[in-house]
Every structure is written in structure tokens, then in C-alpha cells.
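To start, the structure under review is shown below, and the notes come after it.
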Amino acid sequence: MNSFKYFTGEIYQSNPACFYFGLTNLVLAVVFGIMALLNPIQVVGTNAWFKPIKFALSIGIYVWTLGFFSRYLVDQVDLTYFNWTLIISLGFEIIYIAFQAARGQASHFNVSTPIYSFLYTMMALGASLATLAGAWMGYQFFTRDFPEMNSAFLWSVRLSIVIFVVFAFQGFAMGSRMTHTIGAKDGGPGVYFLNWSKVAGDLRIAHFLGMHSIQIIPLITYLWIRDMRMVFLASTIHFILTMGIFIRALGGKPLY
């Protein structure tokens, strides 16, 4: 509890915009969870509200993570455009996903009408801009000096953002195919809530693990690693395993 209070307090002090936008998404995840219980409408064989829940959680955690990282940049760079890029791009994404869930319609890969095609394209553009915002922050960490940061933690931030960007743009592998399942149709037997396919390759698994390296690697470093070489080793292992899962999915094979 003390660590969480410290984490959120640092975000609030250094980047209030990220704090409130991230908090808004986490609150929305709870609201969507209630909607899932009250209105269990189905889309592609699963509760339509599961997708906005997952995206709201993911966006909230992502924004808070960048908000925490920005504590090291707030005195060196102007974060105004960075913050607005996150808020506008990801705000549009969660609104559209929730809107489609409420209507019982798919948000992703839905190009059944010209307006859906346009909105799906705008959502993909928004996700790309949010990824580029993370890449911009990574660039700042690679090109500036941070004498107050432990070198192991600094490199965990740098390497995790690199991995994040790689697997965020791996989303285009799904967009180009207009599906996330390889070897079967979307919506088949899957892991509860996450809906990762149990019978075919699912590109979302590597996408998820790679994007959340931005939390996984710095957290592992903060808790257990003090040696910079171990940070490189942990990052390399994480990248290889995630890439292996991606290649396996491309071959139409389930995770297990």
C-alpha cells in the first residue's frame, strides 16, 4: 500500500494530466465491469464489455507508467504536447470501443460500413500516435543524463520502451490480416476474459506481453535487480520469449 501511494503520489505531483487521465480509465474499467454484469451482450462469442474493460485497464496502467517516468523529465522538457497526444488519441480509442460494445458491434476489424471503416482507421491512427508518444519519451531517456537515477533502473526504462514500441507496432500484423487469430476464426474457444485462443495462434498474446514490458521490466528491476547486466539479460529473455510466442502464433499454434 505504501508503494502504491508513493507511485500515485509521484504521478500526481509530476504529471497531473497523466494522473487524472489514467485514473479516469481505471474508473471506467469498473463501470464497464458493472455493465458486463447488467448487460451481458455478446460480440464474436464473448461479453461485449470485456474488450472495453481490458482496454481501459491497459490505457490507465500505460498512462500512469508514463506519468511516473515523466517525473524524471518534468524539469527538462515541456510535456504539454505529449500529454495531449495521449489524452486525445487514447481517449478516442476507449470511447469508440465502449460505444461499439454498447451497440453490440465490433470495434476492431469492423469495416462493414464506410463510417465504421473510417472510425477504425482513426482508432488505429490514435494507437500509433500513443505509441509514438511512448517512443518520444524513450528518446528522451536515451539522449539525456539522469544522475539521480540508478543506472540499472534507467536502462530498464530505456530497454522496456524499445520492446514496447516493437510490439505495439506488431499490432499492424493483426490489422493487415483483419484478424488476431491465425488458423481459426476469431471468437473460438479461448481463455476466459482475455479470450486468447486455445486452439489456434493468437497474435494478441505477444502484443500484450511486449507492450506491458514497459511495466514488467522496470518493476522487476525496482524490486529485485541492482546490476545493469542483469537488466540487459532480463530484457533480452523477455524479448526472445515474446518474439517466440509471436512466431508461434504466426504458425497458427496456440500458446499451449
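Tell me, Kirkwood radius of segment 149-256 from alpha-carbon pair distances, in Å?
Working: mean 1/r = 0.0693 Å⁻¹.
Here the Kirkwood hydrodynamic radius works out to 14.4 Å.
Work out which helices of the chain, taken as complete DSSP H runs, extend at least 27 Å along their axis over the Cα atoms and score a mean Kyte-Doolittle of 0.0 or more, then list them.
Helices passing the filter in the chain: 16-38, 50-69, 80-102, 114-143, 228-250.
For segment 41-94, rounded, prolate or oblate, judged on the Cα gyration tensor with a ≥ b ≥ c (square roots of eigenvalues), a/c < 1.5 rounded, else prolate if a/b > b/c?
Numbers: a/c = 6.76, a/b = 2.73, b/c = 2.47.
The shape class here is prolate.
Counting other C-beta atoms within 10 Å, and keeping those with at most 14, which DSSP coil trypsin sites (Lys or Arg not before Pro) do you find in segment 223-256?
Numbers: sites: Arg226, Arg229, Arg248; in loops: Arg226.
For trypsin sites (Lys or Arg not before Pro) across segment 223-256 that sit outside H, G, I, E and B with at most 14 neighbouring Cβ atoms in 10 Å, the list reads Arg226.
Only loop residues by DSSP count here, and only those with at most 13 other Cβ atoms within 10 Å; note down the trypsin sites (Lys or Arg not before Pro) in segment 51-116 that meet that. Don't skip to the answer; put the middle values down first.
Numbers: sites: Lys54, Arg71, Arg103; in loops: Arg103.
Answer in residue order: Arg103.
Could you calculate, for segment 127-201, the ratio of the Cα radius of gyration to the Kirkwood radius, expressed as Rg to Rh? Please report the intermediate quantities before stating the final value.
Values: Rg = 17.3 Å, Rh = 14.8 Å.
With Rg and the Kirkwood Rh in hand, the quotient comes to 1.17.
Would you kindly calculate the mean projected area, averaged across all directions, of the convex hull enclosing the Cα atoms of the chain, in square nanometres? Please report the intermediate quantities before stating the final value.
Values: hull surface 55.4 nm².
With every direction weighted equally, the projected area is 13.9 nm².
Quick check: net charge around Gly201, other residues with Cβ under 15 Å of its Cβ, Lys/Arg +1 and Asp/Glu -1?
Values: positive: Arg177, Lys185, Lys198, Arg204, Arg248, Lys253; negative: Asp186, Asp202.
In short, +4.
Please compute the Kirkwood hydrodynamic radius over segment 1-147, one decimal place, Å, based on all pairs of different Cα atoms. All intermediate terms of the calculation are to be shown ahead of the outcome.
Numbers: mean 1/r = 0.0612 Å⁻¹.
It works out to 16.3 Å.
What is the log10 of I(q)/I(0) for segment 81-123, computed with the Debye formula using one identical point scatterer on each Cα and no solvent, at q = 0.14, 0.23 Å⁻¹?
Values returned for q = 0.14, 0.23 Å⁻¹ are -0.33, -0.74.
Would you compute, from DSSP H runs of 4+ residues alone, the mean residue ellipticity of the chain at 222 nm, taking -39500 (n - 2.57) per run and dividing by the full residue count, rounded to the nearest 500? Provide the component values of the computation, followed by the final result.
Working: 10 runs with 177 residues, N = 256.
Rounded to the nearest 500, it is -23500 deg cm²/dmol.
What trypsin sites (Lys or Arg not before Pro) does segment 147-213 have in DSSP loop regions with at most 12 other beta carbons within 10 Å? It would help to have the intermediate numbers written out before the result.
On the way: sites: Arg158, Arg177, Lys185, Lys198, Arg204; in loops: Lys185, Lys198.
Sites meeting the loop and neighbour criteria: Lys185.
Using 18 Å as the cut-off for backbone N distance, which residues of segment 218-241 belong to the label zone defined by a point 7 Å from the Cα of Tyr6 along Cα→Cβ?
218-227
Would you please give the residues with an amide H less than 5 Å from that of Gly190, counting only those at least 5 places away or on a separate chain, with H modeled from the backbone geometry?
Lys198
Where a number appears in this text, it was derived from the coordinates with a stated rule and is not lab data. Every value quoted in this text rests on a predicted model; they were computed, and no experiment measured them. As a convention, Cβ positions derive from the backbone with ideal geometry for all residues, glycine included, and neighbour counts pool all protein chains shown.
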